[in-house]
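Worksheet for the structure shown next.
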Amino acid sequence: MTESIPVARRLSAVKPSATVAVAQRARELKAQGIDVLSFSVGEPDFDTPAHIRDAAKQAIDQGATRYTAARGILELRQAICQTSAKRRGGISHDPTDVVVSIGAKHTLFNLALALYDEGDEVLIPAPYWVSYPEQVRLAGAAPVIVQTTEAEGFRMTPDTLRAAITSRTKALLLCSPSNPTGAAYSGEQLRELADVAARHNFWIIVDEIYGQLVYGGFEQKSILEVAPELRDRIIIVDGVSKTFAMTGWRIGWMLGPEYVAKACDKIQGQATTNPAAVAQYAALAALEGPWAPMEAMRKAFEERRSIIIEGLNAIDGISCRLPEGAFYAFASMEGLIGRRAGDQTLETDIDVAGYLLEEARCAVVPGTAFGAPGFVRISYAASNDVIREGLKRISEAVAKLG
Ligand SMILES: Cc1ncc(COP(=O)(O)O)c(C=O)c1O
């Protein structure tokens, strides 16, 4: 037999997505007929609103079946510019500043290839979305993890940012509201970070994919709006997946300096060409409105947030801060670590997540996957009944611990 041919060395530092691994184990249990409640995935449980689905069907019949410009159709890029200006304090972009990609994940990957060279450092506050450090590594650069604490609301402070900056810093990747913590920065907090960044010269990439999902009257702000003088260094990442329950359509985008858009367009032109034409028309319909179905989903998430946070905090050994946005509870499991499940001691958040899957039949993601050991992420993109049932099961499983 011939020896197997190795895959490229660049893969050796890259981890597979941990969130996908948990979902896979939950699927295996489900396939065995075990009734597992999934709190592990990052997608709304709602269907894409009907007017968006109808617009897509119509688009197919009207010929949206061919290649488009690699960076996306002009009408969609115009709508993205208009929506962005409305949401970000009137700071405007031109359609030439926009590249539409196959989801915001693809947008971020394009940016990693377009902006980072070997030896560059990219600041990533932890807890972080799992793909950020891996994409930086795939581009040959080095992720620099900036630890935040629960006591600081999982937000980077000006001091922690200042301490992490070096002459090699090429970018800061900010996510607000955040996956996995749901934490969001206020306008003042963003202004303080901007003051630190202003003394240096690196990209500020802001992932605002959860920007429309904020609760309890929290005022969502973009660093672009609070620090418009930095606009030549700010790149906005956004998309339709979370706000409009459109994960499967795969549409995301960047808005930033024209030359960065051009670089992303060049990469995309050689990698994938355009995102599916029909999905672009669906995204256009989403941005054009009506907004009532989206507001109904946001309200549902807000109600679920109350149920789950209250329920988790009522369980002895678990505590959870109230997140400002997104649809995740990021709960501390420190009170369960060291406790015994039969002859096993729960030593880490990974053990706790494993225990909750096997004993409570609830799939959650260990915080270690997000650079935050001791926590688990519980997605509340599930119905009120499923959330209540999950809380009951978790509470019963915790009560069994020695
Ligand atoms: C923080 C964050 N950014 C980007 C994405 C990518 O979204 P999509 O590729 O579906 O647009 C996700 C999805 O989970 C996310 O949580």
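Just a few scattered comments:
- Just one of the numbered conditions (1) buried (at least 18 other Cβ atoms within 10 Å of the Cβ); (2) under 18 Å from the mean Cα position of the chain (by Cα) is not true of Gly248: (1).
- Residue match in region 321-329 (condition: over 25 Å from Tyr132 (Cβ atoms), in contact (Cβ under 8 Å) with a residue 60 or more places away in the chain and surrounded by 15 or more Cβ atoms within 10 Å (Cβ to Cβ)): no
- Members of region 173-201 found to be β-branched (Val, Ile, Thr) and more than 11 Å from the ligand (Cβ to nearest atom), listed by number: Val196
- Taken over region 213-238, the residue count meeting the criterion of being within 14 Å of the ligand (Cβ to nearest atom) and at positive phi is 0.
- Selection status of Ile267, in contact with a strand residue (DSSP E or B) (Cβ under 6 Å, 6 or more places away or on another chain), touching a residue at least 12 places away in the same chain (Cβ under 8 Å) and farther than 25 Å from Asp47 by Cα: no
- Residue in region 387-396 that is within 25 Å of Gly211 (Cα to Cα), at pLDDT 95 or above and assigned to a helix (DSSP H, G or I) present: yes
- Residue within region 15-26 that is part of a helix (DSSP H, G or I), hydroxyl-bearing (Ser, Thr, Tyr), within 16 Å of the ligand (Cβ to nearest atom) and in contact (Cβ under 8 Å) with a residue 12 or more places away in the chain present: yes
- Hits in region 107-160 - residues which are in a loop (DSSP other than H, G, I, E, B), within 23 Å of Thr368 (Cβ to Cβ), of a type outside the set (Ser, Thr, Tyr) and in contact (Cβ under 8 Å) with a residue 12 or more places away in the chain: Pro127, Trp129, Val130, Ala141, Glu150, Gly153, Phe154, Arg155, Met156
- Some residue of region 83-92 being free of Cβ contacts under 8 Å to residues at least 12 places away in the same chain, assigned by TED's automatic domain parsing to the domain that holds Ile394, away from the ligand (no atom under 15 Å from the Cβ) and assigned to a loop (DSSP other than H, G, I, E, B): no
- Positions within region 31-49 being aliphatic (A, V, I, L, M), away from the ligand (no atom under 16 Å from the Cβ) and in contact (Cβ under 8 Å) with a residue 24 or more places away in the chain, in sequence order: Ile34, Val36, Leu37
- Single condition Ile350 does not satisfy, out of (1) outside the structural domain of Lys221 (by TED's automatic domain parsing); (2) at pLDDT 95 or above; (3) part of a helix (DSSP H, G or I): (2)
- Those residues of region 307-316 which are outside any helix (DSSP H, G or I) and buried (at least 18 other Cβ atoms within 10 Å of the Cβ), in sequence order: Ile315
- Flag for Pro275 being in the same structural domain as Glu219 (by TED's automatic domain parsing), surrounded by 24 or more Cβ atoms within 10 Å (Cβ to Cβ) and part of a loop (DSSP other than H, G, I, E, B): yes
- The set of residues in region 1-34 being at pLDDT 90 or above and surrounded by 14 or more Cβ atoms within 10 Å (Cβ to Cβ) consists of Leu29 alone.
- Among the candidates Arg191, Arg199, Arg162, Arg168, the residue that is surrounded by fewer than 24 Cβ atoms within 10 Å (Cβ to Cβ) and either of a type outside the set (D, E, K, R) or in contact with a strand residue (DSSP E or B) (Cβ under 9 Å, 6 or more places away or on another chain) (or both) is uniquely Arg168.
- Residues in region 93-106 that are within 10 Å of the ligand (Cβ to nearest atom) and outside any helix (DSSP H, G or I): Ser101, Ile102, Gly103.
The values are calculated or read from the model by the stated rules, or taken from the named source; none is laboratory data. Bear in mind that the values here come from a model prediction, so they are computed numbers and not experimental data. Here the Cβ is made from the backbone with ideal geometry for all residues, glycine too, and neighbour counts use every protein chain on show.
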